[in-house]
Amino acid sequence: MSPDSHDPANGGAPLNPCGGCSGPEALAAPARGMQSSGHAPLDDILSRCEGLYFDYDHEAVAEWKRKHPTGAAVGYLPVYVPREVFHAAGVLPVGVLGAGEQLEIVRGDACFQSYICHLPRSVVELGASGRLDVLDGMVFPSTCDVIRNLSGIWQIMFPEKLTRYLDVPQTTDPRVGQQFFRQVISDLFRDLCKLTGRKPEECDISGSIRLYAENRRVIEELNALRKTSPWTVPGSEAYLVLRAAMVLPVEDHTQLVRDYLQAAQDAGRKPQDHARVSLCGVFCEQPPLGMLRTIERSGCAIVDDDSMQLLRWLPTDLEGGEDPIDALAQAWCLDISESASRFVPDGTCKGAGFVKTVQESGADGVVFAAPSFCDPALLDRPMLVDACEAAGINSTSFQYAENSGQMQPIREQTGTFADSIKLWSDE
Amino acid sequence: MTAEDKQETGSVREPSMLRQKEMTQGHYERLAQAKESGQKVVYTFVPGNLTELLLAFDVLPVLPEINALQSGMRKRSAKYIAEAERQGHSEDVCTYVKCDIGMLLEGNVGPTGEPLPEPDLLLLSYTGCFTFLKWFELLRERYNCPVAMLHVPYQSQGEIEPGMVEYVVEQIQTEVIPKLEEITGRKYDEDRVRELLGLSAQAEDDLVAVLESAKNKPSPIDSYFGGVYYIGPLFTAFRGTQDAVEYYAQLRRETEERIARGLGPITPVGTMQEERFRLVVEGPPNWTHFHQFWSMFHEQGAVVVASTYTKVGGLYERGFRHDPSRPLQTLAEYCLGCYTNLSLPARVDMISDYVRDYEADGFLINSVKSCNSFSAGQLVMLREVEERCGQPGAFIETDLVDPRYFSASNVKNRIESYFQMLEQRRSVQTGTKQATPSEKVAPS
């Protein structure tokens, strides 16, 4: 086992959850005023999620493969892949979202100049250090130029593994985009089936679609409770629970969310008078857990964020119908969710969808937290800030990296922002 | 004394250069008069541009990257970038975008000193660069005009896959053409497009001949610093015009004459006298210090015999030509084939082929901060090409149009060190070759 990995025997929990690199802010969890009541199931659930979060060696995936000897595991990067076809092909989809603040990056830095974001460095580090050996392939969606080129690096570094680039349509005509995306998904499905030896025509894609729709329904419940009662479901906890979807089979994750919802409501946490904020810009390179807790500790309740967008996209009542791959392609093309990685078509005001989301979440303000050198998030930001200003929504902005360690400046900034909301929001 | 002879002394330009200048000047004059003349204006990008289609509708193309690089060469980009950053744009993002936004905020004055017309349409050919998508979202906010979105799939497996051409063609038919018809009030005229595509193919033949002339020793051209001028008309507003056909025919004649006379490439200080190093270059040039950057090469007798940047607007040397018999299909194939739409392994193949085919002494990567499409992965490419070709590469870092990221002393030091290394390597190799005969006669 590598020195910076974690001991699964220790309940999957990290040996050193903050590794001394995140500063004292990240050490104490959960955030002040959001303490668990000591309810055992809740602690157990969160401990499990945190263990999965720090499981850089992908022990949980290896365990799944031991239990499913004919199955395969394939990684994917943010923002969107049709996980339903992975599932139908007998493949465990594994979100590879970087390595946070824990992993020392050596080989990853040798592949990228200083002005490239941090995510691909840690992904390369994970791959080059053997931590992704358990995966039988990787899928790189068309999120940005860096992830696109990372697919080529992967082809060069791991020629024996399946490497696929997922070209998600940007065209505004759903009919044209749907036809293209149907072909893209079909090709991917065929490749995934080759890994497991399943015959595509014998796979139950509709059944998988139903399972993921059910998963989205419980996530929708979680997000709803987070908005109405953020002290019951703090943003940093919700993040951990949702992040578990990156490695757990969908059936297990759905149950995990249900268990968490029950346990969180049973915990009887007291209401808090925090400023309600929506966190924007964290859709690809992940915010360090310490950063989320720091924001909360500074007096903000994160009632919404744009992390792990694929858990929210597509309808919660999606059905496969006669042509389930076409149904997936169509659902994507008809989905009007705004994202930095999707083109906003004519007739829709850029930022209007975002403002609507913020308003629906009941947030008092927006924290724009973009990863350094992230073109999609940073180029979007001026437009979204303008849209917020036009709608009378306050915002504050800063940049981070997945391995950011110094949280004090962020605490001061978001704390001041929370104070300003509390003091002057009525004016 | 002929114009070319004068050029050898560094005082006069070749006729093709003067012709290109006149063509560019004329284009900007037409743009300045567009509102009066009633001509519609479409902003679009260089990679995957649909110039023949635009010209068939008699609209005037504006290419924001070209405006940005010209602002860089004219030392205006720093001011424009600062203005964009004051408006909330991050230091971390593409400086072409910020330069363009800043130029817009400062009155959108073009290179001729007159304001550029606002666009009637933004043709977003999303080819090989994700930032294009954000760029036109930003411009749409400012200009409040429609966008025609053309999503060009990426050649991730190193080839055009089934369905890709059809997908692009369908978008041209359902998105691009209807919007062009709407803004111009004209119907799509396929015969006119065919006619323009025929002219494109003629010019493309001549461009390929010019670029491949660098296989000669000495090379009559510099394929990077000189190359950016050679690709100008074909990559911008002139593909499909008689002007472009005549320009490239003339350029080809001049190049062939240089080969016949054994002349090296033209540089800002005249004809290069001695070709000491033949290089392949990957990545765009720096525009803010373009001539200073070039001088670091030509002063050392280094000539770039092949470059990838001169392929961002089309990969003609591999046989592609616009085909008038299949107008929309050929436009789709063109969009799909631009250099930055190729996978990293395909880019490695191409650079390695260049090193071999052009008998280069080495290769250099100019990694620009602004362009993730080019830059992400270049360190891996460097190692791959080194391994395949058995030749060391050089790696420098600059930017497109942000002068804050051009450190002349650092760049010069690296380039000079690289040339010294190539020289030393050559000495060792020559020494080895010379030693071989004596080794043969030496007693065992």
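The values are calculated or read from the model by the stated rules, or taken from the named source; none is laboratory data. Please read these numbers as outputs of a predicted model, since none were measured by experiment. Counting neighbours? That spans all protein chains shown, and the Cβs are built from the backbone with ideal geometry, glycine included. Heads up: the accessible areas ignore ligands, DNA and RNA and are worked out on the full protein's heavy atoms, side chains in. Shrake-Rupley method; radii C 1.70, N 1.55, O 1.52, S 1.80 Å.
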Seminar exercise, completed: With region A:309-355 reduced to its Cα atoms and the Debye formula applied, log10 I(q)/I(0) at q = 0.14 1/Å amounts to -0.40
Problem set entry | Accessible-area value, B:Lys79, 1.4 Å probe, nucleic acids and ligands omitted, Å² | 120 Å²
Exercise. Roughly what would the spin-label model give for A:Lys194 and B:Glu106, points 7 Å off Cα along C-beta, in nm?
Worked result: 5.3 nm
Exercise. Which FRET efficiency, nearest 0.05, do A:Trp424 and B:Gln292 yield, Cβ-Cβ r, R0 45 Å?
Worked result: 0.30
Exercise. Hey, what's the Kirkwood Rh for region B:284-346 if you take every pair of different alpha carbons, in angstrom?
Worked result: 14.1 Å
Exercise. Using the heavy atoms of the protein chains alone and a 1.4 angstrom probe, what is the accessible area of the protein assembly as shown per residue in square angstrom?
Worked result: 36 Å²
Problem set entry | Anisotropy class of region B:325-384 from Cα gyration tensor, a/c 1.5 cut | oblate
Exercise. Which value in nm describes the separation of the simple spin-label points at A:Glu63 and B:Ser409, placed 7 Å from the Cα toward the beta carbon?
Worked result: 5.8 nm
Exercise. Per-residue HN-Hα couplings for region B:60-67, Karplus 6.51 cos²θ - 1.76 cosθ + 1.60 at θ = phi - 60°, whole Hz, x for Gly and Pro?
Worked result: 9, x, 10, 10, x, 5, 5, 4
Exercise. With each pseudo-label sitting 7 Å past Cα toward Cβ, what's the B:Glu159-A:Glu389 distance in nm, one decimal?
Worked result: 5.2 nm
Exercise. Antiparallel as a % of all DSSP beta bridges within chain B, to the nearest 5?
Worked result: 10 percent
For this session: With only alpha-carbon atoms counted, please give the Rg and Dmax of region B:61-210, in Å.
Result: 17.8, 48
Exercise. If all Cα-Cα distances of chain A are sorted into 20 Å bins from 0 onward, what percent lands in each bin, rounded to whole numbers?
Worked result: 26, 62, 12, 0
Exercise. Number of Lys-Lys pairs in chain A under 29 Å by Cα, sequence gap 8 or more or different chains?
Worked result: 16
Seminar exercise, completed: Spelling it out for A:Thr163: with amide H atoms placed in the peptide plane at 1.01 Å from N, the residues 5 or more places away or on another chain with amide H under 5 Å from its amide H are A:Met138
Exercise. Just the Cα atoms of chain B, one point each, no solvent: what log10 I(q)/I(0) does Debye give at q = 0.11, 0.14 Å⁻¹?
Worked result: -0.87, -1.43
Problem set entry | HN-Hα J in Hz across region A:41-55 - Karplus 6.51, -1.76, 1.60, θ = phi - 60°, x for Gly and Pro | x, 5, 4, 5, 4, 5, 5, 5, 4, 5, x, 5, 4, 8, 7
For this session: Sum up the charges of everything whose Cβ sits under 12 Å from the Cβ of A:Cys349, counting Lys and Arg as +1 and Asp and Glu as -1, but leave A:Cys349 out.
Result: -2
For this session: First measure r as the distance between the Cβ atoms of B:Arg318 and A:Ser186, then evaluate 1/(1 + (r/R0)^6) with R0 = 30 Å and state the FRET efficiency to the nearest 0.05.
Result: 0.55
Exercise. Thinking of region A:135-252 as a set of Cα atoms, what percent of all their pairs are more than 24 Å apart?
Worked result: 47 percent
Exercise. Over all residues in A:337-349, what is the mean tally of Cβ atoms on other chains that come within 10 Å of each residue's Cβ?
Worked result: 3
Exercise. Summed for both chains, how many Å² of accessible area, to the nearest 100, are buried between B and A with a 1.4 Å probe?
Worked result: 4600 Å²
Exercise. Expressed as a whole percentage, what fraction of the accessible surface of the protein assembly as shown belongs to carbon and sulfur atoms when a 1.4 Å probe is rolled over the protein heavy atoms?
Worked result: 48 percent
Exercise. Over the protein assembly as shown, what per residue volume does the convex hull of the Cα atoms give, in whole Å³?
Worked result: 187 Å³
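Could you give the C-alpha radius of gyration of region B:135-252 expressed as a fraction of 2.2 N^0.38 Å, taking N as the number of residues it contains?
Normalised by 2.2 N^0.38 Å, the Cα Rg of region B:135-252 equals 1.35.
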Problem set entry | Shape category assigned to region B:108-197 from the gyration tensor of Cα positions, a/c cut at 1.5 | oblate
For this session: Please compute the Cα-Cα pair-distance distribution of region A:91-166 with 10 Å bins starting at 0, giving whole percents from short to long.
Result: 19, 58, 23, 1
Exercise. In region A:293-329, which residues have a backbone nitrogen under 15 Å from the label point lying 7 Å from A:Cys349's Cα in the Cα-to-Cβ direction?
Worked result: none
Exercise. Which of the trypsin sites (Lys or Arg not before Pro) found in region B:163-265 are in a DSSP loop and have at most 15 neighbouring Cβ atoms, other than their own, within 10 Å?
Worked result: B:Arg186, B:Lys187, B:Arg261
Seminar exercise, completed: Counting sequence-distant residues (5 or more places) and residues on other chains, those with an amide H built under 5 Å from that of A:Val366 are A:Ser278, A:Asn394, A:Ser395, A:Thr396
Problem set entry | Cα centroid of region A:129-177 to Cα centroid of region B:240-286, whole Å | 39 Å
For this session: Go through A:378-385, A:128-135 and give me the packing order, highest mean Cβ count within 10 Å leading.
Result: A:378-385, A:128-135
Problem set entry | Using alpha-carbon coordinates, inclination of helix B:190-212 to the longest axis of chain B, degrees | 20 degrees
Problem set entry | Compactness of region A:278-320 as Cα Rg over 2.2 N^0.38 Å, two decimals | 1.45
Exercise. Residues with amide H under 5 Å of B:Val46's amide H, sequence separation 5 or more or different chain, H placed in the peptide plane at 1.01 Å from N; which?
Worked result: B:Glu65
Problem set entry | Scattering curve values for region B:306-444, log₁₀ I(q)/I(0), Debye with Cα scatterers, q = 0.11, 0.18 Å⁻¹ | -0.56, -1.10
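How high is the FRET efficiency between B:Ser37 and B:Ile259 when r is their beta carbon distance and R₀ equals 45 Å, given to the nearest 0.05? Please list the in-between numbers first.
On the way: r = 42 Å, r/R0 = 0.94.
Calculated value: 0.60.
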